[in-house]
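**Student:** Structure provided below as structure tokens; questions to follow.
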Amino acid sequence: VRRVTVEDALVDTGATRLSLPQPIIEQLGLTPLSKAKARTSNGIVDRTIYSEVRFTLLEREGTLPITDLPAGLPVLVGHMVLEQLDLCVDIRKGLIYNPDHDNEWIDEAY
């Protein structure tokens, strides 16, 4: 089992997936699964989708396939991560937090 601790990641609610820089992907030994297009601030680019990783954010765990980023960019936490972990973003305060329901998972059904 390989493990990486990321102290500082960029949360972007406009991004879709959990994206890791190529050096971290290599360190984890992830397997490429498929290709996908991604819309970035520099236009549409090709990305590789890799095998699932298990991750922890604010004491909540999830698993998702990840996409690659060029070396030198921060880990990018997209909305799929936040949705899977039932986390909210307070843009004004710059915080990610657990919603106020006794730290219990609540599905949205409306």
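**Student:** Fewest Cβ neighbours within 10 Å first, please rank Ile96, Ile106, Ile66 accordingly.
**Tutor:** On the way: Ile96 16, Ile106 9, Ile66 26.
Arranged by neighbour count, lowest to highest, Ile96, Ile106, Ile66 become Ile106, Ile96, Ile66.
**Student:** A further question on this structure: For the chain, what relative contact order do you get, as a whole percent, if you take Cα pairs closer than 8 Å and at least 6 residues apart?
**Tutor:** Details: 174 pairs, mean separation 33.8, N = 110.
Relative contact order of the chain: 31 percent.
**Student:** Next question, about the same structure. Per the helix-only calculation at 222 nm, which mean residue ellipticity applies to the chain, given -39500 (n - 2.57) for every DSSP H run of n ≥ 4 and division by its residues, nearest 500 deg cm²/dmol? It would help to have the intermediate numbers written out before the result.
**Tutor:** Working: 2 runs with 13 residues, N = 110.
Computed mean residue ellipticity for the chain: -3000 deg cm²/dmol.
**Student:** If you average 1/r over every pair of different alpha-carbon atoms in the chain and take one over that average, what Kirkwood value in Å do you get? Don't skip to the end; give the middle numbers.
**Tutor:** On the way: mean 1/r = 0.0668 Å⁻¹.
Evaluated over the chain, this radius sits at 15.0 Å.
**Student:** For Asp90, Asp68, Asp8, which order do you get if you count the other beta carbons within 10 Å of each Cβ and list the fewest first?
**Tutor:** Values: Asp90 9, Asp68 21, Asp8 6.
Placing the least packed residue first, the sequence is Asp8, Asp90, Asp68.
**Student:** Now for a separate question. Do any GluC sites (Glu not before Pro) in the stretch 21-75 lie in a DSSP loop with no more than 12 other beta carbon atoms within 10 Å, and if so, which?
**Tutor:** Numbers: sites: Glu26, Glu52, Glu59, Glu61; in loops: Glu59.
Answer by residue number: Glu59.
**Student:** Can you give me the Cα centroid spacing of the stretch 22-40 and the stretch 67-110 in angstrom?
**Tutor:** With the stretch 22-40 and the stretch 67-110 each reduced to a Cα centre, they are spaced 20 Å.
Throughout, read-outs are computed from the coordinates displayed, never taken from laboratory work. This one's a predicted model, so the numbers in the text were calculated from it and none came from an experiment. With ideal geometry, Cβ positions are generated from the backbone for all residues, glycine too; neighbour counts draw on all protein chains shown.
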